[in-house]
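Data block below; observations after.
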Amino acid sequence: PSHASYDLIGYEGPAAVPINQDVVKADGENYGKIKNDLIRNSAIAGAAGAIVAQLASGSNIAVVYAAGAFAGVAYLFLLGIKTDTVGSADAKLGSNISNLRFVFPGLVLVGVALTNKMSGDSNPVSTPGLFSTVTPEQFGAAMAGFLTYRVPLFVSQLSPVVSESATDMIPGSAGMAMRLAQDAKNRGVDMSL
């Protein structure tokens, strides 16, 4: 310490806390399951979004949306690599590899632009320049697809809140009956007839 008045007599620093390896192992398994579920659910949400895009706007937009959704899943995977390597000997490598995740949205737009350029007369936009060939609809589909990875994250975080507050929104006696039944269930009362 730079000032003697800050010295605490008899204090030797924080005490080491024993680490329960069973808890560490269980937490690691739980983290792996959550991470895999999030990646899987993001891929499923992306596929569902691509189907909706197909039905709403056709194949061109659906393919762009799917490419954006794939980029979102890849972003999430690389973010997991960074998270997994924090504090380890491979932290710098994990950080460097995970920084590639920022390239994916741009790669999708480059792919769309090149596809539009190579399509010749069927080019959706006739102005010169690479990115000028990307229509607003294609850009929107690519970015919406990319951001689809966030949907399962929001759903997993909001579902407990919504399920708890949903019974509060039911009006009248039906809402009161739902709340009373839930309270009885929480107290362990057998509600079967």
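Nothing in this text is a laboratory measurement; each read-out follows from the coordinates by a stated rule. Since the model is a prediction, treat every value here as computed from it, not as a measurement. No Cβ is skipped: glycine too gets one built from the backbone with ideal geometry, and neighbour counts run over all protein chains shown.
General observations
- Whole-number percent relative contact order across segment 42-140, with pairs defined as alpha carbons under 8 Å at least 6 apart: 21
- In Hz, Karplus ³J(HN,Hα) per residue of segment 80-86 (6.51, -1.76, 1.60; θ = phi - 60°; x = Gly, Pro): x, 4, 5, 4, 5, 9, 4
- Most tightly packed first, judged by the mean number of other beta-carbon atoms within 10 Å of their residues, the peptides 41-47, 21-27, 51-57 read 41-47, 51-57, 21-27.
- Amide H contacts of VAL103 (H built 1.01 Å from N, under 5 Å, at least 5 apart or other chain): none
- Rounded, prolate or oblate (a/c below 1.5 giving rounded, otherwise prolate when a/b exceeds b/c) for segment 33-158 by Cα gyration tensor: oblate
- Rounded if a/c under 1.5, otherwise prolate or oblate - segment 23-107, Cα gyration tensor axes: oblate
- Calculated FRET efficiency, LEU114 to LYS33, Cβ-Cβ distance, R0 = 35 Å: about 0.35 to the nearest 0.05.
- For peptides 31-39, 74-82, sequence by mean Cβ density within 10 Å, most packed first: 74-82, 31-39
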